[in-house]
1. Are any of the residues in region 316-335 modelled with pLDDT of 90 or more, closer than 19 Å to Gly259 by Cα and small (Gly, Ala, Ser)?
2. Filter region 212-227 down to the residues that are closer than 20 Å to Asp323 by Cα and without any contact (Cβ under 8 Å) to a residue 60 or more places away in the chain and list them by number.
3. Would you be able to tell me the number of residues in region 14-43 that are within 8 Å of ligand 1 (Cβ to nearest atom), β-branched (Val, Ile, Thr) and not in a helix (DSSP H, G or I)?
4. Take Ile60 and tell me if it is modelled with pLDDT under 90 and closer than 23 Å to Thr195 by Cβ.
5. In the list Thr195, Thr223, which residue meets the criterion of being modelled with pLDDT of 85 or more, under 28 Å from Thr362 (Cα atoms) and either touching a Leu at 6+ places or on another chain (Cβ under 7 Å) or not charged (D, E, K, R) (or both)?
6. Could you tell me which residue of region 23-43 is nearest to Leu187 (Cα to Cα), considering only residues that are away from ligand 2 (no atom under 14 Å from the Cβ) and of a type in the set (Ser, Thr, Tyr)?
7. Name the residue that is nearest to Gln84 (Cα to Cα), counting only residues in region 186-199 that are within 16 Å of ligand 1 (Cβ to nearest atom) and surrounded by fewer than 22 Cβ atoms within 10 Å (Cβ to Cβ).
8. Pick from Lys106, Lys110: which is surrounded by fewer than 21 Cβ atoms within 10 Å (Cβ to Cβ), of a type outside the set (S, T, N, Q), part of a helix (DSSP H, G or I) and more than 16 Å from ligand 2 (Cβ to nearest atom)?
Amino acid sequence: MGVKFEEVVKTYQSGRPAVHKLSLEVQTGELLVMIGPSGCGKTTTLRMVNRLEQPTSGTIYVNGHDVRSYNPIELRRGIGYTIQQTGLLPHMTVEQNIELVPRLLKWDKKRRQQRTHELLELVNMSYETFAHRYPRQLSGGQQQRIGVLRALAADPPVILMDEPFGALDPISRESLQTELKHLQAKLHKTIIFVTHDIDEAMRLGDRVAILRDGHLLQVATPTELAQAPQDEFVAKFLGRFLSSSQSPVASIQQLIQTGELHVLLELPSGERVVQIGDVPSWFLIDERGVLKGITYQMPEDAQRCEQTLWHEPVAVRETDTPDIALDQLALEDTSSLPVIDTEHRLTGIISHRSAIKALSNTVGRHAL
Ligand SMILES: Nc1ncnc2c1ncn2[C@@H]1O[C@H](COP(=O)(O)OP(=O)(O)OP(=O)(O)O)[C@@H](O)[C@H]1O
Ligand SMILES: [Mg+2]
């Protein structure tokens, strides 16, 4: 379920186009972040995907089909959408707001309730406390969380998020970003995520699209942007992420621990349990090498690993910048993180030890 924009133009009655010849393909399972100054056309772009706006010219495809070929109501049920001002319905409770789409899809009551419980738990808001409140009885940040949950409720393959964490304080924001990363590692949704915050963009985006005055200036992975911004404007936007700034480690490769990949066990399913060097983390990978799970405890006898509890892996991507990888290592409550390529295949590991080694090397160099 990818989303593709082909030469999309949107001109409102007056003035310059709000979106100008946008061509961009968002892959299935990709999280694409759109960033740019206020008024550059981000919200308009999202609204054209689910047909709340009509392009003046050009075509948008969802799952390979022109969006005009879908019934708009059906289309919107298949696309989660968090709007910029949360858009909660004031006369409905939290629970009713979350269950809006599941209700339209005629889920039975038990299934809906189970889902609402599960979702509220995800953002640390207890069902008992919050489910029966009205939006005006929530803080701005809590309203935003419910807006996000509403978009996730019916488990849609495509999600559009318009500054979903904009009203949150930095700490809740960071925890929801981490939550979204965990969720995405598990669910592989196709997500277009709009933000003003470059830190958020670089942390979350598989790729980041930078817009200005309706024009797409550059779309690339965080590392490509940091190393080769297309122009002054992009460079200025990237700020501290520019590779030429004081980042002590030049490339993510320097952080990666070297070591052999040992296969401890091959499972009948074709999956394998592997370890890299002697780092006490074990990974479950499928026959193509795609990372499926991680554990930090393995029985002495690996043959008995069927009892192992595999966790959802949160990984660093080879395309992340080194500071993003270090931030993530510091945030996660573990001593190492797997590294994956664009196909989600396990390619290495960054451990506290390898990170400190890389940093101390650069400290040593600067001291000379
Ligand atoms: N319904 C409308 N009628 C006329 N002009 C509009 C309409 N909606 C948006 N615009 C104009 O289109 C341009 C792009 O607006 P849009 O809301 O897409 O920007 P944005 O990038 O989402 O900005 P922000 O970061 O402030 O949310 C702006 O110049 C805006 O004034
Ligand atoms: Mg907007």
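1. Checked against the condition, which is being modelled with pLDDT of 90 or more, closer than 19 Å to Gly259 by Cα and small (Gly, Ala, Ser), region 316-335 yields no hits at all.
2. Listed by number, the residues that qualify are Ala220, Leu225, Gln227.
3. Going through region 14-43 one residue at a time, the tally reaches 1.
4. Against the criterion (modelled with pLDDT under 90 and closer than 23 Å to Thr195 by Cβ), Ile60 does not qualify.
5. Thr223
6. Thr28
7. My answer is His196.
8. Lys110
The values are calculated or read from the model by the stated rules, or taken from the named source; none is laboratory data. Predicted model, so just to flag it, every value in this text is computed and none were measured. Please note: Cβ atoms are built from the backbone with ideal geometry, for glycine as well, and neighbour counts cover all protein chains shown.
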